[in-house]
Amino acid sequence: MSDTNYEDLKKNKNFDGKQYDKLRISLREEIKNHAENSLETANKSLTLIENNGLEIGDFAGGGSNGIGVFFVKYLKFINGEAEKFPLPGNEETALLNFEKGTSAKGKKKEHLVLEILDELVSNRLKIIQNYVNSIKKEKILEALLPMKVQQDIQRELQFLEEEKDIVLLSKVNVLINENLSEEPSEFIYEKVGTQFHHFFFDEFQDTSLMQWRNFVPLRDHTVSTNNTSFTLVGDPKQSIYRFRGGESKILLDIINKKENAPKDAEVIILEENWRSAKNIVEFNNELYEAVSKNLKEEHAHIFGDKAKQIAKSTKTGNVRINFIENDVKAEYFTMVSEKMQADIQSVIDLGYQFSDITILCRGKNDIFNFSQLLGNLKITEFGEEKYIKTISDSGLTLELSSTIKAVIYYLHWENSPKNMQFLVMMMYYLKEIGKIKSEDFTQEMVELLALKNKLSIGKYIEEHYKIKLFQDGFPQFNLYNFIEFYVHEFSMEEKETDFILNFLEMVYAFTQNTGATLKDFLKFWEDEGKTKTIQASENLNAVQLMTIHKAKGLEFPIVFLPMENTNKDGKFDEWFATEENETLKSVNIKAFSNPLDTYDEEIAYFNAKNTYDNLIDRLCIQYVATTRAVDQMFFYVEKPSTNKDGVENESKIEIYNFLQAK
């Protein structure tokens, strides 16, 4: 039970199977009633129009966006003839249009239109509200089963804990919170067995609300006692673990003196930056000052005036911006990698090494893409061309190596020689790593497959691509020697070295099992071997790829920051308050679609709050990334997409707007 979900699960602790069945039936009935009521209202409205001698085209907006056509479109929607409910792009604009009364065609019937207009507008709003309420109930209905399963799991875990007399480590915070939070602090000290006088909390911005509640009694006791101290160290701008329960608002409330405490905290702001060069510090000062202008007051202060730092480094430093054209995702990675290649060359020319460079990524997929692409590019050092070496301490598994994929597909073909798909895939990955050259890969594969005979295929590959598939004296080799031969035959010098070394170590360990066969190894590979994470060699001179979360608290001479022009601020799964019955207080649901915000305050608040929280999370992650560099920082900022006229759409990332304004 994580700190993040504890409060809501506790509120719903009485929700069980009986409540699930009862509420499911009730919600479906309500949704059905909403639909029937709306259908009746739409037909009633169209009858009202007809009985008054009016046509759809007589109303302002006519047959496209008039009040009358709304009911026609709704009937098509409910009958399955239209995919979308007829919500307008802008409700205020729609109402202003209705108020115009009639179209030019219906001007002579204006008095008839005005007599029924208010009723039609009211009927339209009733149908929209029914629709919005149905969407809310449908989301709640979808969330019921996961909620029931979650509660069933919690009850089963509790049963197992009682039966086996154990306590899960994940419940320690919960137990402390439930059993000790109301006890006097003296009691807690007694249980601890020691009287501590000084407390020091680092990275406090990542503390969860439950953790803080557990420490509040100790805090209150400490600050009310002489010769003691209670020190919190943290930066709300670096709060990047909200998904694990970290709550920066605790620290913000303490800083802003909004917390209920025996005495206000003494706030000390460290304004001096001893890490980064002058230009990097000044760039960040300007960036976050600009960003802060669109934030709420409490965040505007911490990103704005309170965030400015004074550079103490004697180095000037460098910040370079590369703008990347907006394209499909695969092209984005390719374009960024080519820009990185040029920038790596430039810093190598200045005397830096590969190991001085760190690429900070948002996720493991980015690490994989940049590792693969950069590994195929070269730079020149000391007059010698060499491939760009990359390493990562996470996210890189053996199955990501094209060399190893080629070996595995050959082994599959060796094991099942009639399956020529394995042979083709082997050739494809050999082409990917540059081991073979091919002007027309498809045609060459057609020629290869036409041979059919395994011996002929082997000779063809050896003659055309200089790759040997058959081992002389094969029977005397064991399984490790057999596989090692193809690793050596398929690999390229200085490419995917760490993958290959880790793969061979794994093969060696597997072949220590007496009687291990090729078939056994292939099964082992599919079951677990391919997901083995590679361990990079220590002191390897290579460009490091790392997630921003892993980089927190670290520093690097040179930082590369790829930034796609996209965000997921409006995508979330959060707890939505509901009073459907006495046992269900909230459910975990995804965001509502934007047009619904206009018609329901609960939806508007739910969407706005969580979207803003995600924005702050994103800015905190960006802040961590932009404050890691010591000497140089390189950005690869994707431009916004363009409309059909070639005009840029609104940027999804604030840094692009900042850079454009400079």
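Please treat every number below as a calculation from the coordinates, not as lab data. Because the structure is predicted, anything quoted here is derived from the model rather than measured. Neighbour counts run over all protein chains shown; Cβ positions are idealised from the backbone, glycine included.
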*Please sort 632-638, 566-572, 363-369 by packing, taking for each peptide the average over its residues of neighbouring beta carbons within 10 angstrom, highest first.*
632-638, 363-369, 566-572
_On Cα atoms only, tilt of 402-415 relative to the major axis of the chain in degrees_ = 70 degrees
*For Ser586, which sequence-distant residues (separation of 5 or more, or a different chain) have an amide H within less than 5 Å of its own amide H, given hydrogens modelled in the peptide plane?*
Thr578
*asked:* In whole Hz and in residue order, list the ³J(HN,Hα) couplings for segment 449-457 that follow from phi through the Karplus curve 6.51 cos²θ - 1.76 cosθ + 1.60, θ = phi - 60°; x for Gly and Pro.
replied: 5, 5, 6, 6, 6, 4, 5, 5, 4
*Taking a spot 7 Å from the Cα of Thr231 along the direction of its beta carbon, which residues of segment 257-278 have an amide N less than 19 Å from it?*
264-274
*Mind giving me the nanometre distance, one decimal, between the label points for Leu540 and Asn51, set 7 Å out from Cα along Cα→Cβ?*
8.0 nm
*Give me the angle, in degrees from 0 to 90, between the Cα long axis of helix 329-349 and the longest principal axis of the Cα atoms of the chain, rounded to the nearest 10.*
50 degrees
_Contact order normalised by length for the chain, with contacts defined as Cα pairs under 8 Å and 6 or more residues apart; what percent is it?_
16 percent
*What residues qualify as long-range amide H neighbours of Thr390, i.e. H under 5 Å apart, gap of 5 or more or another chain, H built at 1.01 Å from N?*
Val543
_Coil-residue GluC sites (Glu not before Pro) of segment 1-91, DSSP, other Cβ within 10 Å capped at 13_ = Glu81, Glu83
*In degrees, nearest ten, helix 110-164 long axis to first principal axis of the chain (Cα)*: 50 degrees
_I need the peptides 129-138, 542-551, 260-269 ranked by packing, meaning the mean over residues of other C-beta atoms within 10 angstrom, with the highest value on top._
542-551, 129-138, 260-269
*Per-residue HN-Hα couplings for segment 461-469 [Karplus 6.51, -1.76, 1.60; θ = phi - 60°; Hz; x = Gly/Pro]*: 5, 5, 6, 8, 10, 6, 10, 9, 9
*Loop trypsin sites (Lys or Arg not before Pro), segment 53-88 (other Cβ atoms within 10 Å of the site Cβ: 14 or fewer; DSSP)*: Lys84
*FRET efficiency for Glu271 and Ser122, Cβ-Cβ distance as r, R0 = 60 Å, nearest 0.05?*
0.50
*Which entries of Lys386/Lys435; Lys137/Lys249; Lys44/Lys139 show an alpha-carbon separation above 23 angstrom in the structure shown?*
Lys137/Lys249; Lys44/Lys139
*Could I have the simple spin-label model distance between Glu648 and Glu582, label points 7 Å from Cα toward Cβ, reported in nm to one decimal?*
5.9 nm
*Cleavage-rule hits, GluC sites (Glu not before Pro), segment 542-590, DSSP coil, Cβ neighbours within 10 Å at most 16*: Glu555, Glu582
_Calculated [θ] (222 nm, deg cm²/dmol) that DSSP helices of n ≥ 4 give over the chain, each run adding -39,500 (n - 2.57)_ = -16500 deg cm²/dmol
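Report the far tail of the P(r) of segment 51-136, meaning the percent of Cα-Cα pairs longer than 17 Å.
Numbers: 1705 of 3655 pairs.
Roughly 47 percent, rounded to a whole number.
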*Rounded to whole Hz and in sequence order, give me ³J(HN,Hα) for segment 364-380 from the Karplus expression 6.51 cos²θ - 1.76 cosθ + 1.60, θ = phi - 60°, writing x for Gly and Pro.*
5, 5, 5, 4, 4, 4, 5, 4, 5, 6, 5, x, 9, 10, 10, 10, 10
*Roughly what % antiparallel, to the nearest 5, for the DSSP beta bridges in the chain?*
30 percent
*Roughly what would the spin-label model give for Lys22 and Gln154, points 7 Å off Cα along C-beta, in nm?*
1.8 nm
*List every residue whose amide H lies under 5 Å from the amide H of Thr231, counting only residues 5 or more places away in sequence or on a different chain, with H placed 1.01 Å from N in the peptide plane.*
Phe199, Phe200, Phe201
*Which peptide among 236-243, 351-358 comes first, and what is the full order, when sorted by highest mean count of other Cβ atoms within 10 Å?*
236-243, 351-358
